[in-house]
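Asks: One structure follows; several queries about it will come next.
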Amino acid sequence: MGQRELLLLLGAITIFGTAALNVRRFMVDQDESMLQRQFEVYAVSLAQSYIEEAKVKDFDANATDPASPDPNDFTNPPALGPEVGETYASFNDVDDYEGFSKIDSTSIGEFNVAIQARYVQDSNPNLAVNNRTFYKKIMVTVTHDFLPAPITLSNIFGYQAN
């Protein structure tokens with residue numbers, strides 16, 4: 001084998017090695033992207049499960065007269081959250097979720113869940129207000145070390161007279 005063939009062989013090995021590394025890098029990136037999507041799907045479903053759970057709760061523990069509702073009867077904004085002695089298992093209204101946090105351990109790691117509950121403006125439900133209204137918004141945020149950004153889902157709850 002001459003020097004020319006040896007150089008061609010080395011060039012071919014270099015090109016093949018570079019191509020193999022690029023293919024491997026592409027496969028690893030694809031696997032990582034697929035795993036990240038699985039984490040995102042789980043985080044969204046976890047957040048949605050808390051929203052669905054809150055949907056079956058009462059609007060407010062202090063709503064006294066459904067025939068003629070008055071927002072001033074609702075829980076005072078600084079007092080949103082569980083009542084004294086109330087635990088997650090006994091949450092009975094939407095604002096009990098205020099300040100709730102939990103670590104959800106799964107086979108794919110620990111997901112941190114944090115929930116906020118706020119009164120929101122009637123005409124702009126994206127604006128939290130410090131007074132009682134007929135609307136509350138809960139925001140469920142789920143984080144995980146493998147997620148590039150927290151996943152946040154929200155839902156608006158409106159008071160309805162019975």
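The values are calculated or read from the model by the stated rules, or taken from the named source; none is laboratory data. Note that the structure is a prediction, hence the values are computed from the model and not measured. Note: ideal-geometry Cβ built from the backbone for every residue, glycine included; neighbour counts use all protein chains shown. SASA here: full protein model, heavy atoms, side chains in, ligands and nucleic acids out. Shrake-Rupley method; radii C 1.70, N 1.55, O 1.52, S 1.80 Å.
Asks: What value, in deg cm²/dmol to 500, does the helix sum -39500 (n - 2.57) over DSSP H runs of n ≥ 4 give at 222 nm once divided by the residues of the chain?
Replies: Helix-only estimate at 222 nm: -12500 deg cm²/dmol.
Asks: Rounded to a whole number, what % of the accessible area of segment 1-136 do carbon and sulfur atoms account for, probe 1.4 Å?
Replies: Heavy-atom surface of segment 1-136 belonging to carbon and sulfur, 1.4 Å probe: 57 percent.
Asks: What angle do you read, to the nearest 10 degrees and between 0 and 90, between the alpha-carbon axis of helix 3-55 and the longest principal axis of the chain?
Replies: 10 degrees
Asks: Could you bin all the Cα-Cα distances of segment 78-142 into 10 Å bins starting at 0 and give me the percent of pairs in each, rounded to whole numbers?
Replies: 21, 43, 27, 8, 1
Asks: Now a separate question. Per residue and in Å³, how big is the convex hull formed by the alpha-carbon atoms of the chain?
Replies: 148 Å³
Asks: To continue, here is another question. Run the simple label-point estimate for Arg4 and Gln38 please: 7 Å along Cα→C-beta, distance reported in nm.
Replies: Going by the 7 Å Cα→Cβ label model, 5.3 nm.
Asks: Rounded to the nearest whole Å², what accessible area per residue is found for segment 52-162 with the 1.4 Å probe? Present the calculation step by step, with values, prior to reporting the outcome.
Replies: On the way: 6200 Å² over 111 residues.
Result: 56 Å² per residue.
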